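The values are calculated or read from the model by the stated rules, or taken from the named source; none is laboratory data. Everything numeric in this text was worked out from a predicted model, so none of it was measured. Cβ placement follows ideal geometry from the backbone for every residue including glycine, while neighbour counts extend to all protein chains displayed. With ligands, DNA and RNA removed, areas are computed over all heavy atoms of the protein, side chains included. Shrake-Rupley method; radii C 1.70, N 1.55, O 1.52, S 1.80 Å.
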Amino acid sequence: MGVAESLGAVVKAFPQARLVAFADLSSRMILSSSGTLSTTQEHLDKLCDQARASFDDPLFALSVEAFGEPHSAVVAGPDNVRVFLRSESEPADAICCICDHSIDLPAFVAKIRDTLESITHGG
Amino acid sequence: MNRGTLPILARLQSLQATSRIVPGGGRVIAEVTDRNPLAQLLRAANETMLGRSLRFDSSAGPSLTLDVSGRRVLRLTDAQGLPGAESCLGLEALEDEHKDALIKLLQAVAAPRHELRVTSGPIGRGGEEVSVGLPVALLADLVLIELNATGPDEEPAVAEVVVPPLEEIAATGAGLSGFAAAMGPGLVAWLIAGGSEDGRTAGPDEMVSHLQGFLDDEGEALESQLDTLSAAPGDPICMMLGATLLEGHSILCARIGPSVLLGVVEGDATKATLAAWRAALR
């Protein structure tokens, strides 16, 4: 299954995921995306920047010091929930998502973790 | 599985469970490896139909004694090593307004990674009136514990997200303190800095102290990081950061107005957070 199909499968399984994107954090680029949310390139760039900021200091340093390197972040605001996962083997590979608050977050996080590792390993 | 059979299975399992009897007649209901001693405490109370006095002793030092009857906690009759117990001690009957304070005491005595013992004795002041007190089921709902779990607590037996209704969560209190309460026992340590809730804390002293030190050193940088992630500087935002967020430990940080909460979540950080966050924003 290709990257676009993998992302599409996530959106199909979780309609509350309005946008699911695969990004290269090192080059700050969204490489592929799927979902019902209409976005501009500016929106995608901002989402990628937010993913990078999530895995940045000072909270990154606190997490590393206390529990080891983090690979998962959830950011909830008044309007949506953003989920950012980095690959454990290729930390530049990431999935960035924008979801409704009603999403089943435990199941969703588990699903996109599997999807990310599958994409990273070419599965 | 038929939901009606769950209490029966849970009770059967409880009866078959190996209990380690300790000198003095008590029994160990949670070992140091038990990830959720609070669940064992509430189940012990929930299985008490006839009026009894239950004394819970933590190997960490604190203890408390409850009069329990008809699956209700009638009153708190003794507390040792538990700051804040005075608001519940000595009352004729615990009422709805006491539930938040009582939950904090239960969480403190049922601290993770410490052995928890229960000793049963005659009830202090009679337990025939079982319409008073706080239902154990209500307390369990507020801390997201399934009383009728049929498997070990560390096994995620069901996929469904079990959280109390938003109205119930909101009733636990507004703002970040209410958010922390609604997070349940998984939020093992936290503190709030800034605003009217400044200085509120819960959890082991060494963890709270570490979080406080971080905020003292990195408070401004943290505000900047949160601003980068929020729609506009100063907007409400809640963030979790961890290896998987589904197990192990995660960092929880939330901001509403001038108040910032920083905490540590043990176990599944994703389970309760969104419902608690939505309620906190109301």
> Along the charge dipole of the protein assembly as shown, which of B:201, B:190, B:62 sits closest to the positive end, that is, farthest toward it, with unit charges on the beta carbon of Lys, Arg, Asp and Glu (+1, +1, -1, -1)?
Replying inline: B:62
> Can you give the accessible area of residue A:121, probe radius 1.4 Å, in Å² rounded to 10?
Replying inline: 120
>> Tell me which of B:101, B:213, B:119 sits at the most positive position along the dipole axis of the protein assembly as shown, charges placed on C-beta atoms (Lys, Arg +1; Asp, Glu -1).
In response: B:119
> Roughly how many Å² is the accessible area per residue of the protein assembly as shown, as a whole number, for a 1.4 Å probe?
Replying inline: 44
>> If you average the C-alpha positions of the stretch B:37-104 and of the stretch B:185-237 separately, how far apart do those two centres end up, in angstrom?
In response: 30
> Magnitude of the Cβ-charge dipole of the protein assembly as shown, K/R +1 and D/E -1, about the Cα centre, nearest 20 debye?
Replying inline: 1300
> By its C-alpha gyration tensor, with a ≥ b ≥ c as the square roots of the eigenvalues, how is the stretch B:37-151 shaped: rounded for a/c under 1.5, else prolate for a/b larger than b/c, else oblate?
Replying inline: rounded
> Cα-based count: Lys pairs in the protein assembly as shown below 30 Å, eight or more positions apart or different chains?
Replying inline: 8
> Is the shape of the stretch B:30-77 rounded, prolate or oblate, going by the alpha carbon gyration tensor and its root eigenvalues a ≥ b ≥ c, with a/c under 1.5 for rounded and a/b larger than b/c for prolate?
Replying inline: oblate
> How long is the gain from residue A:28 to residue A:45 if the chain were fully straight, where each residue apart is worth 0.36 nm and the alpha carbon distance is subtracted?
Replying inline: 5.4 nm
> Mean projection of the alpha-carbon convex hull of the stretch A:3-120 over all orientations, in nm²?
Replying inline: 7.0
> By its C-alpha gyration tensor, with a ≥ b ≥ c as the square roots of the eigenvalues, how is the protein assembly as shown shaped: rounded for a/c under 1.5, else prolate for a/b larger than b/c, else oblate?
Replying inline: prolate
> Using a 1.4 angstrom probe and counting only protein chains, how large is the accessible area of residue B:29 in Å², to 10?
Replying inline: 30
